Amino acid sequence: MRFPKKKRYLPETADMFRYAPRDDIAPWLATAGKAAFDRFAAVGLPSSRLERWKFSNIATILKKYSADPLVYDAVSSDPHVRQGQADAQEAWVRELVDALPPNHEKYGDMALWDLNTASIQDVMVVDIPEDMIVKDPIRLDFAGKDGAFLPARLIIRLGARAQLAVIEHHEGQGAYWRNHVTRIVLGEGARLDHYRIQNDSPAALHLQMTAIDLAARAAYHGFTLTEGASFARHQAEAVLQGAQAHVAFNGINLLKDRQHSDTTLEAEHRAPSCTSSQLLRSVVDDQARGVFQGKVYVDRVAQKTDGYQLSNALLLSEGAEMDTKPELEIYADDVKCSHGATTGQLDSEPLFYLRSRGLSEQEARHLLIEAFVGEVVDQLADESVKTLVTERLARWLKR
Amino acid sequence: MIRIENLHVEIDGKEILKGLDLTLEPGKVHAIMGPNGSGKSTLSYVLAGHESYTVTAGSVSYEGKNLLDMEPEERAALGVFLAFQYPVEIPGVQMSNFLRTAVNAVRRLRDEQELDALAFLKLAREKMKALGVQEDMLKRPVNVGASGGEKKRNEVLQMAMLEPRFAVLDETDSGLDIDALKIVAEGVNQLRNPERTFLVITHYQRLLDYIRPDIVHVLAQGRIVKTGGPELAQQLEAEGYAAFTGEQAA
Ligand SMILES: Nc1ncnc2c1ncn2[C@@H]1O[C@H](COP(=O)(O)OP(=O)(O)OP(=O)(O)O)[C@@H](O)[C@H]1O
Ligand SMILES: [Mg+2]
């Protein structure tokens with residue numbers, strides 16, 4: 001397969017997919033799915049000509065598969081995602097499935113979202129009514145198996161003042177392709193802690209879009225641990241629709257071998273007095289490559305916005321790479337926005353200090369790497385997640 | 001016994017130590033005094049194994065072994081300890097975690113039993129109390145936000161925990177208030193024994209009033225230019241280094 005340059009999409013890639021709905025799905029879903037598939041098929045997958053795909057060239061990834069042209073049935077084949085309550089609350093599920101992600105019009109790079117819509121047979125829904133505070137986190141396992149195309153759709157809606165923590169756990173074996181969408185709608189004063197543990201198989205392709213709408217005073221605390229997949233991309237967009245809403249995107253990348261991990265975030269401030277922060281710590285070893293594209297958009301009406309972005313990367317080998325592109329787009333005048341990015345190696349002075357006290361070079365390096373990601377780990381509100389992340393980090397270091 | 005012979009050391013292509021000879025005896029406290037920039041810290045870094053310093057000639061034998069061949073952690077295991085002139089701040093690394101890892105690394109390499117969390121805490125608290133180190137130090141990141149004096153006490157705490165056989169104290173007195181100086185000196189004096197060697201680098205007689213040295217050396221322009229008894233320190237305090245730097249220049 002050859003991909004001509006300078007195209008924003010790769011129409012040829014549409015041939016890799018076939019619209020094949022199951023017989024037993026609701027007619028409206030079949031209709032919506034077909035329409036979405038047609039939209040997708042008209043353009044194909046995004047190319048790196050699209051700003052948000054600048055550092056993630058899916059064409060090169062697909063070349064790996066091109067010797068063995070796979071055709072993916074655009075159908076969910078994974079029983080783990082068949083847990084929804086779609087029947088009981090079909091009307092609003094339908095509404096949420098139909099709802100376009102907030103930035104669809106603006107960026108026009110929603111081919112993957114359409115592909116996801118075309119493929120959903122089962123929608124996983126978590127719907128928490130007003131004022132309900134769920135104490136224990138809900139853990140959702142998204143398994144992957146060799147040869148599968150996994151277009152899961154997770155919808156989380158919190159009524160006013162409701163509180164919930166959700167852990168998305170991505171794991172699997174073999175080569176599979178995840179095209180996951182999580183759609184989140186938070187009512188006034190609601191709070192969601194959303195943890196993603198991305199530990200997909202080393203051969204997997206992991207694509208996820210997370211789209212969040214926040215009403216006034218709602219808070220979204222997102223965290224992602226990216227450790228798995230050969231090619232991973234998480235694009236998360238939060239639209240702060242009501243005053244005093246808060247969004248935090250935190251993340252840790254642990255990358256090795258030839259892994260590629262792209263974190264593309266946007267906080268879109270459309271109401272006054274909202275806050276958003278983006279904090280990513282990446283540890284990149286071997287020939288791996290991390291990408292951070294963070295954006296804060298501030299609408300004219302969004303006065304008193306406080307927006308913050310920071311990406312710090314630690315490169316552990318010569319071949320490791322980190323690309324960062326922080327961006328501010330501001331139309332209000334009374335705002336406080338800052339962004340920063342650092343990329344570096346372990347400092348030699350602390351290393352020497354630790355070794356002079358008897359720590360082996362490896363122990364010293366591990367301690368310093370733990371310290372580097374520690375600031376993000378410390379911010380984790382859920383103890384079980386904190387323990388999990390700490391254990392995963394220890395295992396990653398000892399590999 | 002530590003024997004340093006004809007030591008030449010460069011950093012970034014600049015020669016700092018220019019044929020330094022020095023023999024340190026077990027059980028003794030040696031003091032080194034010398035002008036700013038003469039190479040005192042360079043010597044201490046080289047002894048501890050800092051890789052930025054290149055040894056271009058000479059040797060250092062430590063209890064019969066070639067010290068210069070060893071990694072910093074091997075030296076630590078064999079009992080070499082450097083109290084840094086400028087202790088390094090390590091954000092995110094908790095003091096207790098660091099110190100326990102260090103103590104156990106060294107104990108492991110010395111074939112001693114490792115300390116569990118409880119035993120470690122007990123020992124650390126005991127030493128901290130003796131050295132007047134604040135209890136909350138253990139919970140803080142290593143040296144971060146600590147005052148100059150607190151950092152120096154922290155170095156001495158680490159020394160007390162690691163029980164070295166050869167301790168180099170690089171201007172541990174600078175930054176300490178008078179009370180702290182006494183406490184720290186007392187800490188050092190308690191560690192004095194017939195097997196342990198101390199190399200105390202200082203600019204001031206005051207420290208040597210509390211830690212009585214057996215032998216005093218003058219380091220100037222990259223060499224040991226004079227060795228004497230404790231009275232040499234007093235002489236320097238009175239007359240300065242002009243005589244030595246002058247001799248060298250002549
Ligand atoms: N990275 C470097 N590149 C070049 N010169 C250096 C470097 N580090 C140190 N030096 C020089 O080496 C010389 C010796 O420094 P050193 O720190 O050993 O002196 P010192 O005797 O400990 O001084 P002080 O009493 O001020 O602590 C100084 O002239 C210093 O400027
Ligand atoms: Mg010095």
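The values are calculated or read from the model by the stated rules, or taken from the named source; none is laboratory data. None of these values were measured; they are calculated from a predicted model. Cβ placement follows ideal geometry from the backbone for every residue including glycine, while neighbour counts extend to all protein chains displayed.
Conditions (1) outside the structural domain of A:GLN244 (by TED's automatic domain parsing); (2) surrounded by fewer than 16 Cβ atoms within 10 Å (Cβ to Cβ); (3) within 19 Å of A:LEU279 (Cα to Cα), marked per residue:
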| site | (1), (2), (3) |
| --- | --- |
| A:THR305 | no, no, yes |
| A:TYR331 | no, yes, no |
| A:TYR353 | yes, no, no |
| A:GLU361 | yes, yes, no |
| A:VAL376 | yes, no, yes |
Being within 16 Å of ligand 2 (Cβ to nearest atom), within 29 Å of B:LEU17 (Cβ to Cβ) and part of a helix (DSSP H, G or I), is that true of even one residue in the stretch B:220-228? no
Of all residues in the stretch A:167-176, how many are surrounded by 21 or more Cβ atoms within 10 Å (Cβ to Cβ) and in contact (Cβ under 8 Å) with a residue 40 or more places away in the chain? 1
Of the residues A:ASP286, A:ASP334, A:ASP323, which single one is in a strand (DSSP E or B), acidic (Asp, Glu) and at pLDDT 95 or above? A:ASP323
How many of the residues making up the stretch B:36-72 are of a type outside the set (Gly, Ala, Ser), within 16 Å of ligand 2 (Cβ to nearest atom) and touching an Asp or Glu at 6+ places or on another chain (Cβ under 8 Å)? 2
Starting from the stretch B:1-12, keep only residues that are touching a residue at least 40 places away in the same chain (Cβ under 8 Å) and among the charged types (D, E, K, R), then list their pairs with residues that are part of a strand (DSSP E or B) and within 13 Å of ligand 1 (Cβ to nearest atom) whose Cβ atoms are within a distance under 7 Å, requiring at least 6 positions of separation or different chains. B:GLU10/B:ILE16; B:GLU10/B:THR54
Only one of (1) within 11 Å of another protein chain (Cβ to nearest Cβ); (2) part of a helix (DSSP H, G or I) fails for A:VAL385. Which number is that? (1)
Which strands (runs of 3 or more DSSP E) does the stretch B:1-108 wholly contain that include 3 or more residues that are of a type in the set (A, V, I, L, M) and within 14 Å of chain A (Cβ to nearest Cβ)? B:80-83
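The rows are residues; the columns are (1) in contact with a helix residue (DSSP H, G or I) (Cβ under 9 Å, 6 or more places away or on another chain); (2) buried (at least 21 other Cβ atoms within 10 Å of the Cβ).
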{"residue": "B:LYS122", "(1), (2)": "no, no"}
{"residue": "B:GLY132", "(1), (2)": "yes, no"}
{"residue": "B:ALA146", "(1), (2)": "yes, no"}
{"residue": "B:ASP173", "(1), (2)": "yes, yes"}
{"residue": "B:ARG192", "(1), (2)": "no, no"}
Quick one: which residue in A:SER311, A:SER276, A:SER317 is free of Cβ contacts under 8 Å to residues at least 40 places away in the same chain, assigned by TED's automatic domain parsing to the domain that holds A:SER230 and either among the acidic types (Asp, Glu) or not in a strand (DSSP E or B) (or both)? A:SER317
Here are A:GLN309, A:GLN303, A:GLN287: which of them is farther than 27 Å from A:ASN199 by Cα and away from chain B (no Cβ under 14 Å)? A:GLN303
Sort out which residues of the stretch A:352-382 are in contact (Cβ under 8 Å) with a residue 24 or more places away in the chain and not in a helix (DSSP H, G or I), and write them in order of number. A:GLN379, A:LEU380, A:ALA381, A:ASP382
Among residues of the stretch B:155-169 being more than 22 Å from B:ARG125 (Cα to Cα) and within 16 Å of ligand 2 (Cβ to nearest atom), the residue nearest to the other protein chains (Cβ to nearest Cβ) is B:VAL168
Among (1) away from ligand 2 (no atom under 16 Å from the Cβ); (2) away from every other protein chain (no Cβ under 14 Å); (3) closer than 26 Å to B:VAL29 by Cβ; (4) not in a helix (DSSP H, G or I), which single condition is B:THR172 missing? (1)
With respect to B:GLU163, is the statement that it is of a type in the set (Asp, Glu) and crowded, with 16+ Cβ neighbours inside 10 Å true? yes
Scope the stretch B:23-54; condition within 14 Å of ligand 1 (Cβ to nearest atom) and more than 23 Å from B:SER174 (Cα to Cα); matching residues: B:GLU51, B:SER52, B:TYR53, B:THR54
What number of residues in the stretch B:58-98 are surrounded by 23 or more Cβ atoms within 10 Å (Cβ to Cβ) and either of a type in the set (Phe, Trp, Tyr) or away from ligand 1 (no atom under 16 Å from the Cβ) (or both)? 11
Return the residues of the stretch B:117-154 that are within 14 Å of chain A (Cβ to nearest Cβ) and either assigned to a loop (DSSP other than H, G, I, E, B) or among the polar types (S, T, N, Q) (or both); say none if nothing qualifies. B:ARG140, B:ASN143, B:VAL144, B:ALA146, B:ASN154
